[in-house]
Amino acid sequence: MLNFQDIAQITVEAIQEKNELPNEEEKNTQHPRDLRNKKIKEHISYMIDNSSFHGLSYIFDKRHSIRRTIWFFITIAAFVYAMQKVYESTMNYFSYPFYTARMRMYVNQINFPAVSFCNLNDIRFSVMNGTIVDDAIINNNQEANITGEEMRTFIQAARHTLKEMLVDCDFEGKKCSYENFTEFSWMQGESCFTFNSGKPPHTLLKVNGAGINRSLKLTINVQHYEYYRDKMDAGIHLILHGQDETPVKMRGLHLPPGFTSYIQIEKKTIINLEAPYKTKCGSVELKYFDSYSMHTCWLEQLTDHVYKVCKCKDVFMPGDIPICSFDEAFNCMWPQWETFDKLKLYHCPLPCKIDSYAVSLSRALFPTARYASSLANELRKHQHVAMNLKSNTDELAFMRENLLRLVIYYDDLSYELLEQKPNYDTLVWLGDVGGQIGLFIGAGVMSYFEFIDCLAMILYTRFFEKFTTK
């Protein structure tokens, strides 16, 4: 069998003899092995003479040695430069660059966002004051004998309720109530409420117009008179988000009482690229949530981590898991939560589609002096307010310490689409590489088949073609 040295020797001989074809008498007197080798030389000579690779035939033209030398260096230089460009193109391709296309999309109808808010106070002072939990917090008694079930019962009883907080609700001129909201727990323990969650039995609300007349208007009593002694701020935490999101860890706006907050919203839809692009968007399967988001993923993995170590969970965590006792919360759950975040013991990829909302906020004083009087009369109909809004109470001061108003609306029926797209995909890379090789050494796809064809003919001649001596 021919080895590499044999083929190299035959190639050199073919170059030297490519214009000297053997006569018929030589064919008849030569050994079959010599005939086979000469036939292989003929294949190589033919390929060199007819190759579409620029410069190849000039390099092996034995008539002009100086000319051959010049063409050799020209071809080598062109080949090296072409390979450098191919390398640069290949490295660029495997860095997976992308760009973000920004488009403004105008529509006739658009989903109204899910509107979530949480009272900045987690438990009511009137329920908390004088209890064993209150005593444990005041005295920093981490070993207080409070079971997990007692903690759950106490927190549920001490929370703010939307039925008491919601003074007025109006969507596109139609009245709504606390029954149009769904409830969830914020990670710091606050009770939170979502309008237009889209979850059964609530239908997804859309708007086909913009402006204040197509807005959600809420008047909320933050119950400042119920704030616990450790709270420094009064108001609500407002979050606007998509219906697929449970905003357990999302940032939002902190809004104080005493103002009407006009919130103009703009929807943004972001489309990310999957691996191997740097965003590496995707999802993981969740046990406790129907749809994936980074925040629900974080919460689920935090819950699993805390349960694995402490065999219990916090009140806001999902799943049918025992609630941590006061001692377990202080000595296990909260330290493990801190470790979980500090060491980033979670893997939550960026979603491939994200709906977010940009806001423009302006404020006006609320309520006016004259409106406060009529509003106070309405509020006195509620027992929990009447206990604090007595006849000798400064009505205007009470309103501005406890009430806030929200007006949430689209400025126009459009949204911004931010879509990531490959900047250098496979077809562009192939075109770039092919262009560089074609420009500098004249090689195309068909040129490589010339070498394959020559190799096939050599293999056929070497192993299958019969040669005999007459």
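Bear in mind that the values in this text are calculations on the coordinates, not laboratory data. A quick note: this is a predicted structure, and the numbers were derived from the prediction, not measured. Neighbour counts run over all protein chains shown; Cβ positions are idealised from the backbone, glycine included.
Values for this structure:
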{"item": "Point-charge dipole on Cβ atoms (K/R +1, D/E -1) for the chain, about Cα centre, debye to 20", "result": "1020"}
{"item": "Antiparallel DSSP beta bridges within the chain, percent to nearest 5", "result": "80"}
{"item": "Cleavage-rule hits, trypsin sites (Lys or Arg not before Pro), the stretch 325-424, DSSP coil, Cβ neighbours within 10 Å at most 11", "result": "K344, K381, K390"}
{"item": "Relative contact order computed over the stretch 102-420 (Cα-Cα under 8 Å; 6+ residues apart), in percent", "result": "29"}
{"item": "Longest exposed-site-free window of the chain, the sites being GluC sites (Glu not before Pro) in a DSSP loop that have at most 14 other C-beta atoms within 10 Å", "result": "286-464"}
{"item": "Top positive-direction residue, dipole computed over the chain with Cβ charges, set V433, G282, L375", "result": "V433"}
{"item": "Longest site-free stretch - the chain; sites: chymotrypsin sites (Phe, Trp or Tyr not before Pro), DSSP loop, at most 13 other Cβ within 10 Å", "result": "95-463"}
{"item": "Listed residue (T194, A210, N402) projecting farthest to the positive dipole end of the stretch 102-420, Cβ model", "result": "A210"}
{"item": "Positive minus negative residues near L205 (Lys, Arg vs Asp, Glu; Cβ under 12 Å)", "result": "+2"}
{"item": "HN-Hα J in Hz across the stretch 205-217 - Karplus 6.51, -1.76, 1.60, θ = phi - 60°, x for Gly and Pro", "result": "8, 10, 10, 10, x, 10, x, 5, 5, 10, 10, 9, 10"}
{"item": "Pairwise FRET efficiency - H31 versus L350, Cβ, R0 = 51 Å, nearest 0.05", "result": "0.10"}
{"item": "Magnitude of the charge dipole, the stretch 56-137, Cβ model with Lys/Arg +1 and Asp/Glu -1, debye to 20", "result": "1160"}
{"item": "Disulfide-incompatible cysteines by the Cβ rule (no partner under 4.7 Å) in the chain", "result": "C454"}
{"item": "q = 0.08 Å⁻¹: log10 I(q)/I(0) that the Debye formula gives for the chain, counting C-alpha atoms only", "result": "-0.67"}
{"item": "Alpha-carbon centroids, the stretch 175-249 and the stretch 337-385: separation in whole Å", "result": "6"}
{"item": "Under the Karplus curve 6.51 cos²θ - 1.76 cosθ + 1.60, θ = phi - 60°, whole-Hz ³J(HN,Hα) for the stretch 294-305, x wherever Gly or Pro sits", "result": "4, 6, 5, 4, 4, 5, 5, 6, 5, 4, 4, 5"}
{"item": "Residue-averaged 222 nm ellipticity for the chain, from DSSP H runs of 4+ at -39500 (n - 2.57), nearest 500", "result": "-12000 deg cm²/dmol"}
{"item": "Full-stretch length increase - I212, S373 - with 0.36 nm per residue and alpha-carbon distance subtracted", "result": "55.4 nm"}
